[in-house]
1. Kindly provide the set of residues from region D:239-250 that are buried (at least 21 other Cβ atoms within 10 Å of the Cβ) and within 17 Å of residue C:266 (Cβ to Cβ), ordered by number.
2. Just to be sure I understand, how many residues within region C:1-14 are among the aliphatic types (A, V, I, L, M) and buried (at least 16 other Cβ atoms within 10 Å of the Cβ)?
3. Report, by residue number, each residue of region A:193-212 that is modelled with pLDDT under 95 and either among the small types (Gly, Ala, Ser) or farther than 15 Å from residue A:242 by Cα (or both).
4. Quick one: in region A:143-183, which of the residues that are buried (at least 20 other Cβ atoms within 10 Å of the Cβ) and under 30 Å from residue C:287 (Cα atoms) is farthest from the other protein chains (Cβ to nearest Cβ)?
5. In this structure, does residue C:214 turn out to be polar (S, T, N, Q) and under 27 Å from residue A:283 (Cβ atoms)?
6. If a residue has to be surrounded by fewer than 16 Cβ atoms within 10 Å (Cβ to Cβ), free of Cβ contacts under 8 Å to residues at least 40 places away in the same chain and not in a helix (DSSP H, G or I) to count, how many in region B:15-49 make the cut?
7. Name the single residue that is farthest from residue B:25 (Cα to Cα) among those in region B:113-151 being in contact with an Asp or Glu (Cβ under 6 Å, 6 or more places away or on another chain) and part of a loop (DSSP other than H, G, I, E, B).
8. Is it the case, given these coordinates, that residue A:217 is in the same structural domain as residue A:192 (by TED's automatic domain parsing) and surrounded by fewer than 19 Cβ atoms within 10 Å (Cβ to Cβ)?
Protein chains: 4
Amino acid sequence: MSQKTLADLNACSREDFVAALANIFEYSPWIAEKAADARPFAGVKPLFAAMTAAVDHASSGLRLALIKAHPDLADKTQRAAGLTAESSAEQNSVGLDRLSDAEYEAFERVNNAYRAKFGFPYIVCVRRHTRDSILRDFERRLPNDASTETQKSIEEICRIAALRVDQLVISDDRLQVHGRLSTHVLDTHSGKPAAGIKLELIELSALGASRVVTRAITNSDGRTDQPLIHGRPVPIGNYELTFSTADYFAARQVPMTDPPFLDRIPLRFSASDPEGHLHVPLLVTPWSYATYRGS
Amino acid sequence: MSQKTLADLNACSREDFVAALANIFEYSPWIAEKAADARPFAGVKPLFAAMTAAVDHASSGLRLALIKAHPDLADKTQRAAGLTAESSAEQNSVGLDRLSDAEYEAFERVNNAYRAKFGFPYIVCVRRHTRDSILRDFERRLPNDASTETQKSIEEICRIAALRVDQLVISDDRLQVHGRLSTHVLDTHSGKPAAGIKLELIELSALGASRVVTRAITNSDGRTDQPLIHGRPVPIGNYELTFSTADYFAARQVPMTDPPFLDRIPLRFSASDPEGHLHVPLLVTPWSYATYRGS
Amino acid sequence: MSQKTLADLNACSREDFVAALANIFEYSPWIAEKAADARPFAGVKPLFAAMTAAVDHASSGLRLALIKAHPDLADKTQRAAGLTAESSAEQNSVGLDRLSDAEYEAFERVNNAYRAKFGFPYIVCVRRHTRDSILRDFERRLPNDASTETQKSIEEICRIAALRVDQLVISDDRLQVHGRLSTHVLDTHSGKPAAGIKLELIELSALGASRVVTRAITNSDGRTDQPLIHGRPVPIGNYELTFSTADYFAARQVPMTDPPFLDRIPLRFSASDPEGHLHVPLLVTPWSYATYRGS
Amino acid sequence: MSQKTLADLNACSREDFVAALANIFEYSPWIAEKAADARPFAGVKPLFAAMTAAVDHASSGLRLALIKAHPDLADKTQRAAGLTAESSAEQNSVGLDRLSDAEYEAFERVNNAYRAKFGFPYIVCVRRHTRDSILRDFERRLPNDASTETQKSIEEICRIAALRVDQLVISDDRLQVHGRLSTHVLDTHSGKPAAGIKLELIELSALGASRVVTRAITNSDGRTDQPLIHGRPVPIGNYELTFSTADYFAARQVPMTDPPFLDRIPLRFSASDPEGHLHVPLLVTPWSYATYRGS
């Protein structure tokens, strides 16, 4: 899907506008059609507002059709049959195309239970989640009544759409759909930012295998050149951030025990606000460390 | 092996004395015989000093025989054939009777290499070590020359003997052969010791499976009723101590995110001084924590 | 006033018993007389309980007389005329004999206001307070009604009496009338207790001059040989505890800036529970420090 | 002294150029004259480099005259007779016009000793110092030989000149003559930046009175809207930064003792690098706090 500038979307034909935005809401071009009436848009925010307004004002029948247009999560048959390119990329981003058998079964079990109860698929904005948090969300929502879940589904659909709009449309303004996870290592033994510390961010999973999100080395400011997660939501879930501090101090000839008291320090924490800025710093000597939720 | 009081050992017949202490040094009753001449002993320290003096003053032939009297570590054939009860218990204490195949192979490989080079078995006081640190010690000592290793072996044999004496002899004085690993949880959110925190101490292994050393719950002073390790050496090696802090704060209705920013906090550290006191405390709020090597 | 053993107090004549305890409650021997009936006592706790029971069961007239038997705080005229030795020592302990003019005036003003309102002197157990906290207590109690203040006065009188009993009577059991203030310095630069750190505890005063409570040097365990305050209540009030850390690190050749980033570190805190154990440790490197209310 | 743009200085007459820069080096227009030959300048850095090159290449006689053109520090007679406006402002900035009698005497004593030994005034770039650090610098330099002090004087003169050029000339580039002192308060009780904390920065003085440098209130990010010191060097010296944390927690209904364990928290530290960025954060709960030299 090639990006469009807001100017192009304002200037192009109605047909091209609808074609460009047809899959912002999964297989539901009628939403783009409604929004087309409101052109031109001063920014991507009013554009997106026009699309969600169309959803808000739609009949309950149309809203239900919108919900039903979505695929089941992690469904092998549907994947074979074909999802929109957007759905496919989103599900892959969270690893739903690389599930362990145990995970597949867990997803399938709850998918089926959900569809059996409500008659429509379980929908969640997967890019805001890890596999663990999707399953937890599943289990929390299953006991709800149909009206609550209809509303929840629309909310999740709008979150999915916002991320798709953000990726598609180039504009001076931005939707607030990205978060950030960053770190900072301060060497309180020498009173300086710790440069050259190897670190690794892992997404922990209760059910399947943990997976490495990113590896990095701290720069002269004790930070990573790029935030650990940026330009996308920070998926809700459990993480472990590990710092190779003994290597760092050994390279500086700091006396340590053998084996070193602290070697690879793990910080284990959860992200709960995908659009927020989560800062997890480390203050460290060979004999002590501290961390906190920073800002 | 039933315990003896120092008074009994001073008062009993020479034969009984030697019989009681025959296996303090593996299959080497001649050391107890030498020591018998120095009776009575004012304490277990002079008793043990008399035994090590006998070793120090022995001919190099006798010393080599003492070394050769020891079994290979983790050797299945020798285990079947029979170790002294002491050797067997010691090797089991470090899990040498429950090695994974990979670990067995690693041990066998180095055992053989060591015996091939020096003509006598690799000896180490296993109760002062974890499996990982034994393998590391192995690898460090293998490049040594024979004279260095003869000396090292005698040192390790004396450490083994000291622990056996400590277990066997009841006396007012004690050999300094035990260490201690302790913790303390301070809740800096409420300014009080954290009572009721579940914690778990795990011995980490690079090669085989990690194993739980102990589980405990903090008492009203934020400590465990017993130190995590006590009454024995603290084995050299890598550990993870995990604290279930989210359960603790949730029980006190402290507002947290969902999922909680910190849930089960792991402290990963190494012990390097088996006879020392290692204190690893945790200062914690739902949003921050710190640890340090305490005393 | 010479100390008495509990055995002596149980065995001596009724006259001697009353004489010994006559001033436990200021100029009120009738309380000791009542308690004498309950001899012998199994410990100092039942002895003190018998005395407070006598106060509790006394007529309101007797209770008021007990209150009025007490001197004004920091009153120069009464001091000249003569207090009991006990009152004098207590008032001196908190520095009431060395007040600045501003402090004298403050005390006198509130004393007079209190006596004018209630017709009896303001009574407080001064050994549990600093000058600042006495003035604060004064101001809080002045708005109370007479019945509340009668009760408060009796409570304070019993606290004074408990401390006097604790000083006078030697027994296997002890009244819980002492607190403790302690510290501990951990050098997280080298991972060891910080030995040889000079420290100073100052009682801060909003009104008059601050005064040094104690000076000490940390021992090899990073502690002071004696707690900073012990064997008496920890007076409610504001304190500053200062640690000369730059001298310590300079003596160990640790590189620092010029002037050192941290030189004499002040911890400023309040004590609020005179009978509790307040522990105020310092974790320190040349570039960082932390403290917390420990236990 | 009105500011000039670099463009103006490049375009104006030689006379105007020299007039504008005549007092960059105290009463020494010959330096501006030399620099005028090198016009036009691509930035303020090459302009300043041209001026310092003129000093470097000057004869030793001229360099000595430059040194002697400077006034004594804190000299009442010279102040009456008239300093350059620049000198006067600089000396006032560090409080040299408001010295206590003890300070005046200290300055006078060392000034005289210095002039007696070297035959020229003691020169230091006062805007990089506090009164305490000037006196310490004085004492360190007095034992030097004349050649060392001639060189030191020229260095200090160039530092003075750099700050004057920075104030006078408007250019796209900037000389690196400013430092920064900043803070950040993180409330680890609630896991958020602490907003609304009152704080006060005091310059401590061993000899005279301490003085308030600035007061501020933390914003929603836990920072001050402006760094505590910025747009100028951070004077070498001792500081106390005090945070009113009990007010903050009380406003949030956090339970505390009475009086609060921590009320106004003082951090006492030194600045040693006037052109650096010194960050002194506070991590705080009602029961604990930590600080470190950040970046």
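1. Residues satisfying the conditions are D:239, D:241, D:243, D:245.
2. Summing the residues that are among the aliphatic types (A, V, I, L, M) and buried (at least 16 other Cβ atoms within 10 Å of the Cβ) in region C:1-14 gives 2.
3. A:205, A:206, A:207, A:208, A:209, A:210
4. Among them, the one singled out is A:183.
5. no
6. Qualifying residue count, region B:15-49: 5.
7. Looking at residues that are in contact with an Asp or Glu (Cβ under 6 Å, 6 or more places away or on another chain) and part of a loop (DSSP other than H, G, I, E, B), I get B:130.
8. yes
The values are calculated or read from the model by the stated rules, or taken from the named source; none is laboratory data. The structure presented is a predicted model; accordingly, all values stated were derived computationally and were not measured. Here the Cβ is made from the backbone with ideal geometry for all residues, glycine too, and neighbour counts use every protein chain on show.
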